[in-house]
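Since every read-out is calculated from the coordinates, none of them should be taken as a lab result. Here the structure is a predicted model, which is why all the values come from computation and not from measurement. With ideal geometry, Cβ positions are generated from the backbone for all residues, glycine too; neighbour counts draw on all protein chains shown.
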């Protein structure tokens with residue numbers, strides 16, 4: 001239970017909550033085997049290991065600051081953990097005495113094990129392909145594989161794109177194949193890029209790819225329609241059915257694992273699903289963190305009906321950490337199947353901002369009167385400052401315009417109310433709809449940037465970062481003129497509807513417009529969380545901060561960096577990557 005920082009123990013026979021075990025901060029995955037239970041906690045970079053019989057804590061392994069553990073599996077020889085921030089796998093001995101870090105690749109999340117081999121996925125893909133790695137547990141040999149970019153064509157039932165948001169893997173019982181759920185992001189489409197505007201049904205949709213474990217060959221996958229992000233998958237005990245859960249469409253599909261034909265499914269599922277498990281007795285168990293419960297659906301006979309599941313409340317007597325409005329807002333944030341949010345369940349806020357994060361993609365929003373735009377994270381938004389690169393929103397409530405426009409939804413406001421405040425820089429939308437207020441409350445509750453792996457193990461700045469801080473603060477470079485601490489931004493309104501926009505020499509033809517008018521500059525982004533928000537600049541063209549300071553700053557308009565030595569520039573980058 002990530003929000004509650006507890007592990008719930010359930011009796012599946014009586015279908016009751018037995019007890020709750022306190023964990024480390026933000027538990028994201030759990031594995032039970034070899035008489036142990038291991039819990040990966042992203043919030044404080046820790047792995048908690050319990051005795052499976054007594055539930056007694058055995059030890060807690062503290063990983064490097066900013067490692068951000070996510071996936072965890074217990075093999076016959078060790079505990080393995082995917083470290084999203086560190087870009088590595090951690091191997092922890094059963095007594096916790098030995099910890100080994102194995103560098104693999106960036107942004108790791110999904111983790112599975114089969115017959116001495118680990119499979120791990122890159123959570124947020126590069127724009128050209130998804131990425132997986134095969135890791136031999138004994139030899140530590142690492143072999144990379146890709147999930148191919150789908151070139152399309154786009155239609156009302158399918159679209160192209162890169163498979164991203166890869167955070168869970170399901171391995172077939174025979175150990176021959178694995179299923180990877182995600183979202184197909186159509187980042188190659190757009191009015192500027194290829195003369196075709198993005199639509200509600202061609203922006204993003206569900207994706208599920210199946211690979212062969214022996215050689216990593218991609219075997220294909222189903223063509224989903226009217227589905228958003230596939231957040232979890234599970235094979236039946238005999239491997240004859242592959243179940244796939246949409247994050248917010250309200251549907252879990254039953255698929256033939258070989259032909260990918262749809263066999264049936266379960267409808268009416270709450271948004272925010274994050275895990276599936278088959279109990280071998282006709283039960284499909286669904287983890288539903290936004291309802292603080294797990295649910296059992298009877299699926300012994302495949303059908304396609306709205307089921308009434310058995311629910312087990314996992315919260316028990318634990319206090320609810322979110323307000324009623326924030327929890328309702330979290331539900332709406334993920335609710336692609338809510339007709340008010342989007343048309344035909346393709347999109348929700350989480351499609352581009354899962355966990356309030358950035359999807360690390362650049363989108364062509366030229367048809368919206370904008371241009372190429374790198375997705376911003378939502379954590380740490382200042383409710384009084386402009387939103388987006390061009391400052392085209394003045395309140396979080398203005399995402400109502402996205403729901404009604406690009407997402408094809410009906411909106412959370414009544415039509416008459418919306419008519420009075422349709423202009424995103426006009427009359428405020430706050431206070432006009434309880435649900436829209438709740439959505440804004442949830443977004444504004446996302447205040448914390450992830451820990452930075454560039455810091456020392458105690459969270460302190462390294463010597464290189466301290467040297468970089470001196471450079472950053474110097475009048476010579478001019479960084480603090482636009483990025484003063486502690487917010488590292490001067491984002492503000494000059495007057496109602498007129499944001500402070502700054503031109504640092506990065507605008508190009510592809511930058512497009514602002515609200516359909518000339519784009520004269522950009523809202524100054526905060527530098528907090530830079531370690532987790534590549535690519536950089538408003539159009540995502542800088543792969544690294546070194547590129548931002550060097551190749552993309554030839555005239556020193558974006559700070560006077562041309563006089564820096566290689567060592568000084570490396571120190572400055574180290575400081576920037578350390579900001580949280």
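The modelled label-to-label distance for the pair residue 77/residue 508, using points 7 Å beyond Cα in the direction of Cβ, is 4.7 nm.
Between the labelled values (i) 37, 30, 23; (ii) 47, 29, 28; (iii) 37, 30, 27, the entry that holds semi-axes √(5λ) of the Cα gyration tensor in Å as derived from this structure is (i).
As an exercise, use a Förster radius of 41 Å and the Cβ-Cβ distance of residue 463 and residue 217 to find the FRET efficiency, rounded to the nearest 0.05. Spell out each step's value before the answer.
Details: r = 46 Å, r/R0 = 1.13.
The computed FRET efficiency comes out at 0.30.
Taking the number of Cβ atoms within 10 Å of each Cβ as an exposure proxy, the fewest-first ranking of 59, 149, 224 is 59, 149, 224.
Determine the relative contact order of segment 1-136: mean sequence separation of Cα pairs under 8 Å and six or more apart, normalised by residue count, in whole percent. Intermediate values should be presented prior to the final figure.
Values: 345 pairs, mean separation 17.8, N = 136.
Over segment 1-136, the number comes to 13 percent.
Between residue 302 and residue 427, the modelled labels are 5.3 nm apart [label points 7 Å from Cα along Cα→Cβ].
Between residue 155 and residue 258, take the C-beta separation as r, use R0 = 25 Å, and let me know the FRET efficiency to the nearest 0.05. Intermediate values should be presented prior to the final figure.
Numbers: r = 25 Å, r/R0 = 1.00.
Between residue 155 and residue 258 the formula returns 0.50.
Helix 324-334 and the longest principal axis of the C-alpha atoms of the chain enclose an angle of approximately 90°.
Listing 135, 10 from fewest to most neighbouring C-beta atoms within 10 Å gives 10, 135. Taking every C-alpha pair closer than 8 Å and separated by at least 6 residues, the mean separation divided by the residue count of the chain gives a relative contact order of 9 percent. Compactness check for segment 16-56: Cα Rg over 2.2 N^0.38 Å is 1.15. Computed per residue of the chain from DSSP H runs no shorter than four, each worth -39500 (n - 2.57), the mean residue ellipticity at 222 nm is -3500 deg cm²/dmol.
Helix 463-473 axis versus longest C-alpha principal axis of the chain: approximately 30°, rounded to the nearest ten. The slack in the chain from residue 415 to residue 473, taken as 0.36 nm per residue of separation less the alpha-carbon distance, amounts to 15.9 nm. DSSP finds beta bridges in the chain, and of those with both partners inside it, around 95 percent are antiparallel.
How far apart, in nanometres, would the label points at residue 14 and residue 98 be if each is projected 7 angstrom from Cα along the Cα-to-Cβ direction? It is 4.2 nm.
Return a whole-number percent for the relative contact order of segment 421-529, with Cα pairs under 8 Å and 6 or more residues apart as the contact set.
On the way: 81 pairs, mean separation 23.9, N = 109.
After rounding, I find 22 percent.
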